[in-house]
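Peer 1: First the structure, which I've put down as structure tokens, then a few questions once you've had a look.
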Amino acid sequence: MTQTDDPVTRAWVLHPDIPSQDKARAPDLALEEAVSLAHALPGLEVLGGTVVRLARPHPGTLFGKGKIEELHRLVEDEELELVLIDGPVSPVQQRNLEKALGVKLLDRTGLILEIFSDRAATREGVLQVEMAALSYQRTRLVRAWTHLERQRGGLGFVGGPGETQIEADRRAIDEQLVRLRRQLDKVVKTRSLHRAARAKVPFPIVALVGYTNAGKSTLFNRLTGATVMAKDMLFATLDPTMRKIALPGGGPEVILSDTVGFISDLPTELVAAFRATLEEVTAADLIVHVRDISHPETEEQAADVRDILEGLGVTETTPQIEVWNKIDRLDAEDRQGVMNRAARDENVQVLSAITGEGMDDLSAAIIARLSGTTHLTDLHLGFSEGRKRAWLFEKGLVEDETQDETGYALKVRWTPMQQAQFDSM
């Protein structure tokens, strides 16, 4: 009996280049990113991609008649089973295009939802993906919903049992959303309790954020010795991973958090659904923004990350360090230019998470940033507050102490972060 490979779906990626929707990004690079997204979904054989230039989108079919005929020939010549469109497609456009081309069609939001469904590893992640998918599909009344009955696997948008086109009933969707929200509320409440427990432990949280595929997980693994999935693939990490580590060089113990990668045009359904996951970022004492400095659109990617952070409520008061990663991919001239620019900004560290170059400087910068500006405070602790007193001495914060009949009078030199940790005890 011969072993057969799992069936694959033959797919092609289209990036509509619409001047009226131009976001100053190069269409070829946008297509390259979309193809990478498609490669991140198991079961797809991505045969190629095309930039389709449109003067304006057709309201009923997105593309004009001539382009649809051209695409139909492509579908037949390449024996395609799926067309991926890197952008939003309305339910009407999707239905008409599927009929005209004779294949299934998935837009950018649907593709990202599929990838997130495949990557979700925790109960919270699974619930959030399900909620995001329901919110997305609520307006699409002629899609498959068999994934709601399955125990595992994707969302049913691509192949498999999802081929049976069962019309979704909005009331059923709303009831399902209510049920999922209740389950998610319980999970989020548990996470809140865990965060409250961590707040009583004197370990600052350092959150790694960045555009997807910027190298966050590789950096996380080098700092922690962990084995987080770190592939050259978009959305390799979905659920946040946290580890307690001791920074080298006598630095403090910290909790390091690796988060899901950000991306331009992240579906609004996912931004809302993953807010709880990204709360680890809002609770961080220090944010380390990892950038792929070798990418042609590194500046645009960084701007997208900053926009999402701002949308999450991260303010300028939260200390941040920018890490310019992947300098090992630069030639000598570009590398020197990057080093010169970084030298003019104390908030920038340059390194290669792959080779380890620059890691010592990053650790030193994290230690320095967590130290902050210290100030002197007079404290009085009663005899019953021995645990707090022991913590102050353990951290080396006490400069002077005297004792009277009511307790201890201490002079403590600490950072605002250390004071906040003490106050939460």
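Peer 1: Which condition number in (1) at pLDDT 90 or above; (2) more than 19 Å from Ile245 (Cα to Cα) is the one that Leu376 fails?
Peer 2: Every condition holds for Leu376 apart from (1).
Peer 1: Anything in the stretch 357-405 that is more than 26 Å from Gln320 (Cβ to Cβ), assigned to a loop (DSSP other than H, G, I, E, B) and free of Cβ contacts under 8 Å to residues at least 24 places away in the same chain? List them, or say none.
Peer 2: Ser384, Glu385, Gly396, Glu405
Peer 1: May I pose another question? Would you confirm whether or not the stretch 343-356 contains a residue that is part of a helix (DSSP H, G or I), modelled with pLDDT of 90 or more and either in the same structural domain as Ile245 (by TED's automatic domain parsing) or among the acidic types (Asp, Glu) (or both)?
Peer 2: The answer is yes; a qualifying residue exists.
Peer 1: Would you pick out the residues in the stretch 395-425 that are exposed (fewer than 10 other Cβ atoms within 10 Å of the Cβ) and more than 22 Å from Thr318 (Cβ to Cβ)?
Peer 2: Once the filter is applied, which keeps residues that are exposed (fewer than 10 other Cβ atoms within 10 Å of the Cβ) and more than 22 Å from Thr318 (Cβ to Cβ), the stretch 395-425 yields Gly396, Thr402, Asp404, Glu405.
Peer 1: Could you give me the residue pairs with C-beta distances under 7 Å whose first residue belongs to the stretch 92-103 and is outside any helix (DSSP H, G or I), whose second residue is surrounded by fewer than 14 Cβ atoms within 10 Å (Cβ to Cβ) wherever it lies, and which are 6+ apart or on separate chains?
Peer 2: Nothing qualifies.
Peer 1: Assess whether Asn325 counts as being surrounded by fewer than 19 Cβ atoms within 10 Å (Cβ to Cβ) and either in contact (Cβ under 8 Å) with a residue 60 or more places away in the chain or of a type outside the set (Asp, Glu) (or both).
Peer 2: No; evaluated as a whole, the condition is false for this residue.
Peer 1: Let me ask something else. Among the residues of the stretch 262-271, is any at pLDDT below 70, within 13 Å of the chain's Cα centre (by Cα), part of a helix (DSSP H, G or I) and outside the structural domain of Val35 (by TED's automatic domain parsing)?
Peer 2: Yes, there is a match, as at least one residue in the stretch 262-271 is at pLDDT below 70, within 13 Å of the chain's Cα centre (by Cα), part of a helix (DSSP H, G or I) and outside the structural domain of Val35 (by TED's automatic domain parsing).
Residues checked against (1) touching a His at 6+ places or on another chain (Cβ under 7 Å); (2) of a type in the set (Asp, Glu); (3) farther than 15 Å from Asp265 by Cβ:
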{"site": "His15", "(1), (2), (3)": "no, no, no"}
{"site": "Ile18", "(1), (2), (3)": "no, no, no"}
{"site": "Leu31", "(1), (2), (3)": "yes, no, no"}
{"site": "Ser36", "(1), (2), (3)": "no, no, no"}
{"site": "Pro42", "(1), (2), (3)": "no, no, yes"}
{"site": "Arg53", "(1), (2), (3)": "no, no, yes"}
{"site": "Pro57", "(1), (2), (3)": "no, no, yes"}
{"site": "Lys65", "(1), (2), (3)": "no, no, yes"}
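Peer 1: I'd like to know if the stretch 59-72 contains one or more residues that are in contact with a helix residue (DSSP H, G or I) (Cβ under 9 Å, 6 or more places away or on another chain), among the hydroxyl-bearing types (Ser, Thr, Tyr) and assigned to a loop (DSSP other than H, G, I, E, B).
Peer 2: For the stretch 59-72, residues in contact with a helix residue (DSSP H, G or I) (Cβ under 9 Å, 6 or more places away or on another chain), among the hydroxyl-bearing types (Ser, Thr, Tyr) and assigned to a loop (DSSP other than H, G, I, E, B): present.
Peer 1: Among the basic types (Lys, Arg), crowded, with 18+ Cβ neighbours inside 10 Å and not assigned by TED's automatic domain parsing to the domain that holds Gly261: is that true of Lys104 in this structure?
Peer 2: yes
The values are calculated or read from the model by the stated rules, or taken from the named source; none is laboratory data. Because the structure is predicted, anything quoted here is derived from the model rather than measured. A quick note on method: Cβ atoms are made from the backbone with ideal geometry, for glycine too, and the neighbour counts reach across all protein chains shown.
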